[in-house]
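Bear in mind these aren't lab numbers, they're just calculated from the coordinates by the rules spelled out. What you are looking at is a predicted structure, and each value in this text was computed from that prediction instead of being measured. Reconstructed Cβ throughout: ideal geometry from the backbone, glycine too, with neighbour counts over all protein chains shown.
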């Protein structure tokens, strides 16, 4: 691994149609999110939990309703596919702190910006960290929207910048 590669930015097209459609899946909703200038050293995507998820287990549909009010972008599955497709050569594109290393539990990062119909239900795809005695690996999966979710199921989001509250006058060099 070279340090220079870790400092580069990589473009993830969140405006494109879904890159990958698993067999049997139908896209129900795909929210476009522009071109994401991804730098793994300064990730713009954060892992977000609702207040109820932080307290315990909550219905996935309720999580989605709360995410609808979130001030930002629900990241779509194009980012998930970008990470999965680059795992063989650039595994460091996925931030280390996205793993659940200290708890030795699976973590399932949900990409709510693309929702699918599969086998009669609605689901979102996920980036799953699996760390057990056999293996430690990132995998792609999916989660039913009506599942009960806890803190192991954060949403991938991009927070909108806070609005500027006050603009101060610029300081000039003259005393006129």
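Structure above, values below:
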{"read-out": "Taking 12, 158 and counting other C-beta atoms within 10 Å, the order from fewest to most", "value": "158, 12"}
{"read-out": "Longest to shortest principal axis, alpha-carbon extents of region 3-159, angstrom", "value": "43, 37, 33"}
{"read-out": "Antiparallel content of DSSP bridges confined to region 3-159, in %, to 5", "value": "95 percent"}
{"read-out": "Relative contact order for region 3-159, counting Cα pairs under 8 Å that sit 6 or more residues apart, in percent", "value": "31 percent"}
{"read-out": "Chain lengthening between residue 26 and residue 137 when straightened (0.36 nm per residue, less Cα-Cα)", "value": "37.3 nm"}
{"read-out": "For region 1-82: rounded, prolate or oblate by the Cα gyration tensor [a/c cutoff 1.5]", "value": "oblate"}
